[in-house]
Every structure is written in structure tokens, then in C-alpha cells.
Amino acid sequence: MTIRLPDGPNGLRTYEPRTEPFAVSPGRPFTSRTVFSAAHVVADPYADVSPDSPAAVDWDLTLSFRRHLWSHGLGVAEAMDTAQRGMGLDWAGAAELIRRSAAEAKAVGGLIACGVGTDQLTGPATLAEVRAAYEEQLALVEESGAQAILMASRALAAAASGPEDYLEVYGHLLRQASEPVILHWLGPMFDPALEGYWGSSDLDAATDTFLEVIAAHPDKVDGIKVSLLEARREIDIRRRLPQGVRCYTGDDFNYPELIAGDEQGFSHALLGIFDPLGPLAAEAVRVLDTGDTQGFRGLLDPTVALSRHLFQTPTRFYKTGVVFLAWLAGHQPHFTMVGGLQSARSLPHLARAYELADGLGLFPDPKLAEERMKTLLSVYGVNQ
């Protein structure tokens, strides 16, 4: 069987889909790395909503996808930007997502960490209001029994006048956190409103402030997640962390080399790309657990082309490709997203994502994926 895919100015080209998926064998829990996958939410396609309406979420399918990730040994990073925080999912929806996912994690014994932000603030805010918003979300996550991830705040970026404001706000939150948290530095390629985070657009200066926050409270920081898409900077930060503070890579361009590490250390993982890569990524980490770095790279290096494609500029729309692949893989019966974000990527972009994912064997049922791809193509007027 073949399928005709868009080929830019050349019109259409013929592609022959794979017939067998990548074979995944069940395995033991990871021993060498802690690995989280940020997870997407599944929209309710029957809800009569507009892009400005509160998100209508299909909770059963959303939780089912988290059970899929847990079944392969991955932790779930919940209510992060992959779940469309600030891009279709508001704080009320995120709070419900956290409560439900944390309860599900407890029921199945799954590892979970949840995003803490300030997105209940919808307009200009003072530093005191930013701090109070963070406190409200931190309390909810801790009450749910999940680990907290202190996410970057648009409101703080707008209200802060310099590095000292970040030191004060984060210092206050870390002092009151009941358990060690993960600090998340999300770069402006993921969210333009975060330009100049940590008080400077100079990344060297921002890095110094970030590390100063950690150095002042090492007992309250389990680890950091760096999402700057600069491998060298992450390695530099990793080598400067206090003893016992982990680095969780958030670099969806360079994750194989960062997780593999070098003679001076390695990164754990907290990645959006592990949403579609879950079973394959888990297999790779189990190979790494045996000490076989070459085998690990052999499995994970070929996935980078897909990740770089999904996360290409404008990077913040990578969620569209992630949900698209979940539909093709059979995790949900539709390609609908909260906020109508399914329209954020072009047909050629989605077609290339299908081709790359199919080549990796990511679809449990390649025939189903092919049929669904053809259905989407027909909506755009591409006849097979």
C-alpha cells in the first residue's frame, strides 16, 4: 500500500508506509535515569465551544493516555506547556487536571510531578500578587500528593524589574515548599512572553541568577528542567549545580547526548517529545540502564529528526504535532485540540510528521495510522 503526501511546490509524492511497529518488550523500572514525559490533554470534540471558551477536556481519554505512559515506566509531568497551559487550558482546567491525574497516579503507582504557575492572573499584576498566585497553585499540587514543578511565570516576567525580584519570589516559594521541587526555565522560543526571564536577556547573566536561586536553597530543589534548546549551556549549568541537585533535560533538540552524558555527569529527562516517543524512549533508557550507551544512542538518535520537526519555529506550536501523532497512534479517536490548536500547523508539516513517525515504527497499528492520514488528506482535497 502507498499513500500520496504533499511535497511542497512539487505537488504530491508517493510514500510506502511501514507495515510493522517498533517492537517493545516489557521491562523493569529504570535504574540509571529518572524520566518524565510531559503529557498532552485530549479535548472533548462534542463540546460546543470556541477558542476563547474554557477548555472542554475528555477526562477519560486524558487519563488513559497517562496510564499508557506509566505502563512503560515513564513518569508524567502534568499540567505543563505540553498540556497547553496558557494556550487553551486555563488555571481552572489545569487544577482539575492536576487533581485527577494525581489521584490516578496514586491508584496505579505512577510517578507524577505537576506544574505550578501563575496563570490565574489574567492581567497586570504586582509582585505580591504573583507570589500569592504561585502559593495557591503550590498548595494545590502539594495537597494532591504530587511533586511540584515551579514553572516560569509570564506575570513575573512582566512585573519583575531585575534579578533581585526573581531571587525574592523564588526564595519565598522554596522556603515554604514542603518537599523539594523542580525548577523550570522555559525559553522564549516556547513562550515569547518569557523573554528576559531571571532578570536579563543576556543568557549568561540569567544563568547566574538562576544558579544563585538554587545555591541559596539546595535542600529545596530536587532538580532543574532547562528548556533553552542549547546543549552546551545545559551542560555548563549541569556542571555548576550543587551536589544532589539533578538536571532534567528539556532540550527536545539534543536529548540523546544530554541523557547519555559524559565523564562529568548526565541529565535526567523531562521532555515533551517523550509524549509520542514513550515506548521507544523507555526501551532506550532500559538499554542505557545496562551500561550500553551506544545501544541507547542507536535507538534514540534516529528520533531527533522527528523531534526537531515537531519543535521547529514557531516552537510553541509543537503541541499540535504531538496530539496529531496521538490520534494516528490510536490513543484518541479524533484530531481535535482545546483552543482549536489543531489548526496551528500546516498539512505539509503534519504529513512530514506522519512520515517520520511511521519510519520509526511509532504507530502500534500502522494500517490505522495510514487510514487516518488519508482521511485528513481528503479533508484538504488530496485524493488517493
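Values for this structure:
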item: Residue among ALA43, ALA23, ALA56 that is over 19 Å from the mean Cα position of the chain (by Cα) and surrounded by 10 or more Cβ atoms within 10 Å (Cβ to Cβ); result: ALA56
item: The stretch 197-207: number of residues that are part of a helix (DSSP H, G or I) and touching a helix residue (DSSP H, G or I) at 6+ places or on another chain (Cβ under 8 Å); result: 7
item: Segments classed as strands (runs of 3 or more DSSP E), wholly inside the stretch 1-74, with at least 1 members that are touching a Cys at 6+ places or on another chain (Cβ under 7 Å); result: none
item: Qualifying residue in the stretch 120-135 (condition: surrounded by 20 or more Cβ atoms within 10 Å (Cβ to Cβ) and touching a Gly at 6+ places or on another chain (Cβ under 6 Å)); result: no
item: Among residues of the stretch 166-191, those that are in contact (Cβ under 8 Å) with a residue 24 or more places away in the chain, under 15 Å from THR207 (Cα atoms) and either in contact with a strand residue (DSSP E or B) (Cβ under 8 Å, 6 or more places away or on another chain) or not aromatic (Phe, Trp, Tyr) (or both), counted; result: 7
item: Residue count, the stretch 328-347 (criterion: hydrophobic (A, V, I, L, M, F, W, C) and not in a loop (DSSP other than H, G, I, E, B)); result: 4
item: Residue identified as of a type in the set (Phe, Trp, Tyr) and either in a loop (DSSP other than H, G, I, E, B) or under 30 Å from ASP262 (Cβ atoms) (or both) among PHE317, PHE296, PHE324; result: PHE296
item: Breaking point among (1) part of a loop (DSSP other than H, G, I, E, B); (2) open to solvent by 50 Å² or more (accessible area, probe 1.4 Å); (3) at pLDDT 95 or above, for PRO302; result: (1)
item: Residues located in the stretch 348-368, provided they are open to solvent by less than 20 Å² (accessible area, probe 1.4 Å) and either acidic (Asp, Glu) or outside any loop (DSSP other than H, G, I, E, B) (or both); result: HIS349, LEU350, ALA351, ALA353, TYR354, ALA357, ASP358, PRO366
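The values are calculated or read from the model by the stated rules, or taken from the named source; none is laboratory data. If you're wondering where the values come from, they're calculated on a predicted model, not measured in any experiment. When we count neighbours, we look across all protein chains shown, and the Cβ atoms used for this are built from the backbone with ideal geometry, even at glycine. Ligands, DNA and RNA are stripped out before the accessible areas are found, and what is left, the full protein with its side chains, is counted by its heavy atoms. Shrake-Rupley method; radii C 1.70, N 1.55, O 1.52, S 1.80 Å.
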